[in-house]
Amino acid sequence: MHLPIRPRRNRRTAAIRGLVRETELTASHLILPVFFHAGSEDQAIASMPGCTRWSLEGLVREAGEAHALGVPAVVLFPAVSESLKTRKCEEAWNPEGLVPQAIRLLKKAHPTLTVITDVALDPYNADGHDGLVSDDGRILNDETVEALCKQALSHAQAGADIVSPSDMMDGRVAALRQALDKEGFIEIAILSYTAKYASACYGPFRGALDSAPRFGDKKTYQMDPANGREAEREARLDEAEGADMLMVKPALPYLDILYRLRQSSPLPLAAYHVSGEYLMVKAAAASGWIDERKLAMEQLTSIRRAGADMILTYFAKDAARWLNDGQ
Ligand code: PBG
């Protein structure tokens, strides 16, 4: 048999494979989501093995460790005590609230760490929704956007680098840009959750924050998993409204969406490898059914290959360590 073209020549040795590798994954592409609360204990999170609800002190330590491993950024998720959750969500823009306190401590301890904040009302909402809820149970878009602007300003005033609206209300990127600019925060970037799907993969996260919706579901604001073109529509709006970066969430079931937006948008793209995706790896590994490290690295590489510049992942510290040991 004469086969002049043999693709396996390019796979013959580790060195050649390295030379032809198309996708690079390094710690510099990773963002670590971190959970924290007002208490003084670091608590293991029952719904997310391997994750911790940190005290503020623990949070500063954890973020410092991630930063030392080469992870450039963290995104903050506060676990707010039940007594502070209201239907108007006032705690979301308290300048002395948990998130502004955390931002100040983090920026003081680690000035070069990029601090990203989540902008949405669910951790503060007695109704558990990302938006304000009317007496007859509707999610109020424009009233929510006003609240999100106050929330984002309280983060910017405390020193956040990037604000990241995860609520999926219409028009929030334009409103946030205007509110930030008006107060002089022209340098604070907006990372928009552009295509955030109504996914079963968020369950463990809602357990971590006790933030599950108290009634109904999030389908009137988060996207239908059946839709791809609609992500393009959201992307065009976010671009026009002044988003600096776009996000697709979750990651693995939506690699086609990432790929589409990579083709159609010049903006940097983030993907969120969410709690359920993390848990599927953790659970299978705990049963001895798969190799955690190999599967996690394959998944993160695939997300990069599909088009993500940056990946939010609970594996950020582990992956950075694995990359540093040179695999
Ligand atoms: C809510 C928010 C959610 C996540 C990030 N921000 C949950 C939701 O929309 O219900 C999920 C992240 C994860 O599952 O890891 N604003």
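The values are calculated or read from the model by the stated rules, or taken from the named source; none is laboratory data. Predicted model, so just to flag it, every value in this text is computed and none were measured. Cβ atoms come from the backbone with ideal geometry, glycine included; neighbour counts cover every protein chain shown. What goes into the accessible areas is simple: the full protein's heavy atoms, side chains included, and nothing from ligands, DNA or RNA. Shrake-Rupley method; radii C 1.70, N 1.55, O 1.52, S 1.80 Å.
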Accessible surface of residue 55 - all protein chains present, 1.4 Å probe, nearest 10 Å²: 10
Amide H within-cut-off set for residue 194, under 5 Å, with H built and near neighbours excluded: 247
Using alpha-carbon coordinates, inclination of helix 172-182 to the longest axis of the chain, degrees: 70
Relative contact order of the chain, defined on C-alpha pairs under 8 angstrom at six or more residues apart (%): 18
For residue 6, solvent-accessible area (1.4 Å; no DNA, RNA or ligand), Å²: 100
Among beta bridges that DSSP assigns inside segment 24-325, antiparallel share in %, nearest 5: 10
Cα centroid separation - segment 139-200 against segment 207-272, whole Å: 15
Expected 222 nm ellipticity per residue - DSSP helices of 4 or more, -39500 (n - 2.57), all of the chain, to 500: -12000 deg cm²/dmol
Spin-label zone in segment 57-98 - amide nitrogen under 13 Å from a point set 7 Å from the Cα of residue 140 along the C-beta vector: 87-90
Using alpha-carbon coordinates, inclination of helix 141-158 to the longest axis of the chain, degrees: 80
Estimated vicinal HN-Hα couplings, Hz - segment 161-166 in sequence order (Karplus 6.51, -1.76, 1.60; Gly, Pro = x): 8, 9, 10, 10, x, 10
Bridge type composition, segment 56-205 - antiparallel percent by DSSP, nearest 5: 15
Furthest towards positive pole of dipole, 86, 2, 29, structure part segment 1-94, Cβ charges: 2
Mean Cβ count within 10 Å, highest first, over the residues of peptides 10-16, 151-157, 190-196: 190-196, 151-157, 10-16
Phi-based couplings in Hz for segment 201-208 (Karplus 6.51, -1.76, 1.60; Gly and Pro marked x): 6, 8, x, x, 4, 5, x, 5
Amide proton proximity set for residue 36, modelled H, under 5 Å, gap of 5+: 54, 77, 79
Under-5 Å amide H pairs with residue 271, H placed in peptide plane, nonlocal only: 248, 310, 311, 312
Pairs of lysine residues in segment 218-295 - Cα separation under 23 Å, sequence separation of 8 or more or cross-chain: 5
Within straight-line cross-link reach of residue 107, lysines at Cα separation under 18 Å, skipping those fewer than 8 residues along the same chain: none
For the chain, size of Cβ-based charge dipole, Lys and Arg +1, Asp and Glu -1, in debye: 1700
Qualifying trypsin sites (Lys or Arg not before Pro) for segment 130-175 [loop in DSSP, other Cβ within 10 Å: at most 16]: 138
